[in-house]
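Reading through the C-alpha cells given below for one structure.
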Amino acid sequence: MNKKVTFSIGTVIMVLIGGYVLYQTFFGKTALMTTYLEETEGITDEYLMLIQEEMDIDDPEELALFTEEKLILSLEQLVSQSEELRNNYSNEELLNVHAMLPQAFKLLIEANESWLLGNEDSDELFVAADESYLHYEKELEKLASKWGIEIVWEEIE
C-alpha cells in the first residue's frame, strides 16, 4: 500500500516561515554577539592593560600617583566609551548584560577614590568592583553560549 504525502501551500509557507524565524533567532543573535565582542574588545583590552600596569607598581607613592593621574581618568573614559556603545544595540538581553560593564568600572573608580582618601572601607569597594566585573563576564558568557558563541578569556599573569 503506497501512501501519498501531500503538502498544502499553507503548510509549506508555515515551514518556510518557521525556518526563517529559527535561522534569524539563532544566527542573527550569533552575529549580534560577535559584533558586540568585537566592539568591546578595545574597552576590555584597555581595562586589562590598566590593571596589569597597576599590579606592576610596587612603590605606594608611585601607585597613588598612577591612580590619581592615570587610572581613574582612564576608567572614566572606559565608562564613557561603554555607555556610548550602548546606543549601538537594541536587544534587551544584551543591553542588560552590557549595563554591568560601566557599572563595574564605576565601582572601581569609587574604590580607587576611596583608597586615595585613605578610607578604611576601600578594600570592600575593591572586592565589590572585582565581583561586579566577574559577574559581567559570567553573564556575557552565558548569553554568548545561549546564542551559539563560546568566549575564551585570556588570563592576566
Mind checking which residues of the range 35-69 are open to solvent by 30 Å² or more (accessible area, probe 1.4 Å) and in a loop (DSSP other than H, G, I, E, B)?
-> ASP56, ASP58, ASP59
Where a residue in the range 86-109 is crowded, with 21+ Cβ neighbours inside 10 Å and its partner, wherever it lies, is outside any helix (DSSP H, G or I) and not hydrophobic (A, V, I, L, M, F, W, C), with Cβ under 8 Å and at least six apart | HIS98/TYR89
Condition met for ALA144 (open to solvent by less than 80 Å² (accessible area, probe 1.4 Å) and either part of a loop (DSSP other than H, G, I, E, B) or more than 16 Å from GLU39 (Cα to Cα) (or both)) = no
Please tell me if LYS138 is open to solvent by 50 Å² or more (accessible area, probe 1.4 Å) and under 11 Å from the mean Cα position of the chain (by Cα).
-> yes
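The values are calculated or read from the model by the stated rules, or taken from the named source; none is laboratory data. The model shown is predicted, which means the values in this text are computed figures rather than measured ones. Positions of Cβ are generated from backbone atoms using ideal geometry, with glycine treated the same way; all protein chains shown enter the neighbour counts. The protein model used for the area step is the full one, side chains on, heavy atoms only, and it has no ligands, DNA or RNA in it. Shrake-Rupley method; radii C 1.70, N 1.55, O 1.52, S 1.80 Å.
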